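Worksheet: one structure, shown below.
The values are calculated or read from the model by the stated rules, or taken from the named source; none is laboratory data. From a predicted model like this one, the values you see are computed outputs, not experimental measurements. Here Cβ is always computed from backbone atoms with ideal geometry, including for glycine, and neighbour counts include all displayed protein chains.
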Amino acid sequence: MNANIYKLFRERFPEDGKTPFLIPTEGAPLLYGDLDRRTARMAGRLCAHGVEKGGRVAAQVEKSPEAVLLYLACLRLGAVYLPLNTAYTADEVAYFLQDAEPRVFIRHPQELNQDAPPFEDIAVMKEDNLAAILYTSGTTGRSKGAMISHGNLSSNALTLHRIWGWREGDMLLHALPIHHVHGLFTALHCALLNGSSALFATKFDAAEVIALLPQATVMMGAPTYYARLLERPELTPGLCANMRLFISGSAPLRLETFAAFKTRTGHEILERYGMTEAGMIASNPLEGGRVAGTVGYPLPDVKARVDAETGVLEIAGPNVFKGYWRAPEKTDQAFRPGGWFITGDLAEISGDGRIAISGRATDMIISGGLNIYPKEVEDRLDLLSGVKESAVFGVAHPDLGEAACAAIAPDGTAEITEEAVRSALDGKLARFKIPKRVFLVDDMPRNAMGKTQKTKLRERYGGTFL
């Protein structure tokens, strides 16, 4: 049996090859009838550059139909796809390339060898063969590569396609980036399994999404997207008359956003919960009550429990990743016996099985759906002249959900200003990681053991953006 997820997708392609798969806001649609041929051509070009089954392909590419073809070609060939955020700096990318040692690093898919013969086969893969490596930073600030298998992707996609009630005629509105789980796996895989078309925006732009909504039936987005749509007076029940499902993830959905969206459109946003290492884990129900402030029930093939001592959510299921790339010790630390993965998220499970995420055991910040790990930013801050100590923490933000802020204790050897600190980080870190505010403090709040109390900093500066 061939467990290659591309084979599963191809079996679901519409018989009418004229059905569009991707409908970009600019340029010609990518038809299902052309999809198999074009992935074969792209896979052939990868072969010409020395990529074989099991070989790694790193890509830092702008969102486009060609970028999606590159991903699907890697699946078809049996290569391992490593998507990298286009916001990453050269220094950050250098680490990923050193760690992953890919056969090729691609910035512009169209520049691959155009004369190579197509790869017409579909590589035979087992369920536990790698399909992708997605980098997710650790609390130490050192990025880890989560190894995702074909079986992980297939099980998650089939489950989500079923529980979210995908049906004939569904049209996806896709305004997500395609370098992480939400946009690359969750959204595109559901559309492919359903043989559906996707309105394919290169980025989220509220005005553009407003213009596309009347054509769509399903939209997936980060909470920030819905908050920005609410700022548009055009958002009305009439505009959303064709919509059947709005899905939110990548960060907690604010209660105010949930309530305001229902009032304005008549739609209750379906909040779900996932992470790089496991894809989607839980979802509010398609039919029945969607409870604001909860992420719903574990998916049918996922088991969930909360550790009685730590309060941390642990999960097990076919969606859970294989481990961290070349990091066996970190992998061992992330699992308990029986295959239970320690998510690092603090949670409560109600009597009827609903999961509510109450916080994170780590200091990770989710800003606009993007993960920021304080240690990585602190390491950069501590290198600046005049900095004795730094602490990076998240505070509530009405648009981003959370915003990164930094507290700096100067050592008196050089003048420090907020503007100078932010400027010094520009080009060293992706822009979304640069603190939105920098506060100068005489001393850091500490506990009895001398550890910086970031909770005190969050309390002190919690109203900065509210």
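Worth a mention:
- Residue list for segment 14-29, restricted to those being farther than 13 Å from residue 68 by Cα and of a type in the set (A, V, I, L, M, F, W, C): 28
- Total residues in segment 331-346 satisfying the condition of being hydrophobic (A, V, I, L, M, F, W, C) and either more than 26 Å from residue 135 (Cβ to Cβ) or within 20 Å of the chain's Cα centre (by Cα) (or both): the figure is 4.
- Yes/no for residue 421 being in contact with a Leu (Cβ under 9 Å, 6 or more places away or on another chain), at pLDDT 95 or above and either part of a strand (DSSP E or B) or not assigned by TED's automatic domain parsing to the domain that holds residue 96 (or both): yes
- Residue count for segment 41-66 under the criterion of being buried (at least 19 other Cβ atoms within 10 Å of the Cβ), assigned to a helix (DSSP H, G or I) and of a type in the set (A, V, I, L, M): the result is 3.
- Residue 429 of a type in the set (A, V, I, L, M) and either in contact with a Cys (Cβ under 8 Å, 6 or more places away or on another chain) or farther than 25 Å from residue 88 by Cα (or both): no
- Filtered residue count, segment 429-466, keeping only those that are touching a Ser or Thr at 6+ places or on another chain (Cβ under 8 Å), assigned to a loop (DSSP other than H, G, I, E, B) and modelled with pLDDT under 95: 2
- Scanning segment 329-342 for residues that are among the polar types (S, T, N, Q) and part of a loop (DSSP other than H, G, I, E, B) yields a count of 0.
- Pairs with Cβ under 6 Å, 6+ apart, first in segment 275-290 and under 25 Å from residue 151 (Cβ atoms), second assigned to a loop (DSSP other than H, G, I, E, B): 277/321; 278/319; 278/320; 279/319; 281/302; 282/295; 286/164; 286/165
- When each of 226, 297 is tested for being among the hydroxyl-bearing types (Ser, Thr, Tyr), closer than 23 Å to residue 170 by Cβ and assigned to a helix (DSSP H, G or I), the lone residue that passes is 226.
- In this structure, residue 99 does not satisfy being at pLDDT below 95 and within 18 Å of residue 373 (Cβ to Cβ).
- Selected residue [of a type in the set (Lys, Arg), farther than 29 Å from residue 99 by Cα and either part of a loop (DSSP other than H, G, I, E, B) or not assigned by TED's automatic domain parsing to the domain that holds residue 150 (or both)] from 290, 326: 290
- When restricted to residues that are among the acidic types (Asp, Glu) and either within 25 Å of the chain's Cα centre (by Cα) or under 21 Å from residue 201 (Cα atoms) (or both), segment 19-43 contains 2.
- Strands (runs of 3 or more DSSP E) within segment 67-155 that include 2 or more residues touching a residue at least 24 places away in the same chain (Cβ under 8 Å), closer than 27 Å to residue 30 by Cβ and in contact with a helix residue (DSSP H, G or I) (Cβ under 8 Å, 6 or more places away or on another chain): 80-83, 104-106, 130-137
- Breaking point among (1) within 30 Å of residue 429 (Cα to Cα); (2) crowded, with 20+ Cβ neighbours inside 10 Å; (3) at pLDDT 95 or above, for residue 323: (2)
- Residue 283 being under 20 Å from residue 187 (Cα atoms), modelled with pLDDT under 95, in contact with a strand residue (DSSP E or B) (Cβ under 8 Å, 6 or more places away or on another chain) and not aliphatic (A, V, I, L, M): no
- Subset of segment 301-349 (residues that are among the polar types (S, T, N, Q) and free of Cβ contacts under 8 Å to residues at least 12 places away in the same chain): 331, 333
- Applying the condition of being in contact with a strand residue (DSSP E or B) (Cβ under 9 Å, 6 or more places away or on another chain) and either surrounded by fewer than 13 Cβ atoms within 10 Å (Cβ to Cβ) or over 23 Å from residue 163 (Cα atoms) (or both) to segment 243-262 and asking which residue is modelled with the lowest pLDDT yields 254.
- The condition of being touching a residue at least 40 places away in the same chain (Cβ under 8 Å), more than 30 Å from residue 12 (Cβ to Cβ) and not aliphatic (A, V, I, L, M) does not hold for residue 264.
- In the condition set (1) more than 30 Å from the chain's Cα centre (by Cα); (2) closer than 15 Å to residue 378 by Cα, residue 442 is compliant with all but (2).
- The residues in segment 359-383 that are touching a residue at least 40 places away in the same chain (Cβ under 8 Å) and outside any helix (DSSP H, G or I) can be counted, and the count is 12.
- Taking the numbered list (1) closer than 20 Å to residue 151 by Cα; (2) touching a residue at least 60 places away in the same chain (Cβ under 8 Å) in turn, residue 64 passes all entries but (1).
- Residue 125 meets all of the listed conditions (1) touching a Gly at 6+ places or on another chain (Cβ under 9 Å); (2) under 29 Å from residue 345 (Cβ atoms) but one, namely (2).
- All positions within segment 393-429 that are surrounded by 17 or more Cβ atoms within 10 Å (Cβ to Cβ) and under 16 Å from residue 463 (Cα atoms): 393, 394, 395, 397, 400, 401, 402, 403, 404, 405, 406, 407
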